[in-house]
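This report concerns only the one structure given below.
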Amino acid sequence: AFHGLILARRVVGQETRYEVEVKARYRQRFPLVSREYLWVPNTCGCPALRQGAEYLLMARRHVNHEHTLNRILLPEHGYARPWTPREARLVREAARHC
């Protein structure tokens, strides 16, 4: 789970790639750097994220069997909510209990 600012959106093949500035990390099961690519497995970018907007995102690390692909994946019905201080507080509280 992390707070991210959407910098850019690009359709690559049958997927959508978002360039994201990572503002804060709430639950860190895998390391994140300050800029990451977030992949959505469709061309509509669903859930649609607006460039310049901030979101609270819950994504997962996807590594293929050959270990040649290692990326952050946001499923089509994944958790992507506009970032608000209230939303951030709820996620921080939940992370303490999980």
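Results, tabulated for the structure shown:
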quantity	calculated
Cα centroid of the range 60-98 to Cα centroid of the range 35-50, whole Å	13
Furthest towards positive pole of dipole, Ala8, His77, Leu56, structure part the chain, Cβ charges	Leu56
13 Å beta-carbon shell around Glu54, net charge (K/R +1, D/E -1)	+1
Net +/- balance of residues flanking Val20 in space, Cβ distance below 13 Å, scoring K and R +1, D and E -1	+4
Relative packing of peptides 13-23, 76-86 - highest average C-beta neighbours within 10 Å first	13-23, 76-86
Residue-by-residue Karplus 3J(HN,Hα) for the range 44-59, coefficients 6.51, -1.76, 1.60, Hz, glycine and proline x	7, x, 6, x, 6, 10, 7, 4, x, 9, 10, 9, 9, 10, 10, 10
Rounded to 10°, Cα long-axis angle of helix 85-97 versus longest principal axis of the chain	90
Positive minus negative residues near Leu7 (Lys, Arg vs Asp, Glu; Cβ under 14 Å)	+2
P(r) histogram, all alpha-carbon pairs of the chain included - 5 Å bins from 0, percent	3, 13, 25, 26, 19, 9, 4, 1, 0
Unit charges on C-beta of K, R, D, E only; dipole of the chain, Debye	340
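Where a number appears in this text, it was derived from the coordinates with a stated rule and is not lab data. Not measured: the values here are computed from a predicted model. Note: ideal-geometry Cβ built from the backbone for every residue, glycine included; neighbour counts use all protein chains shown.
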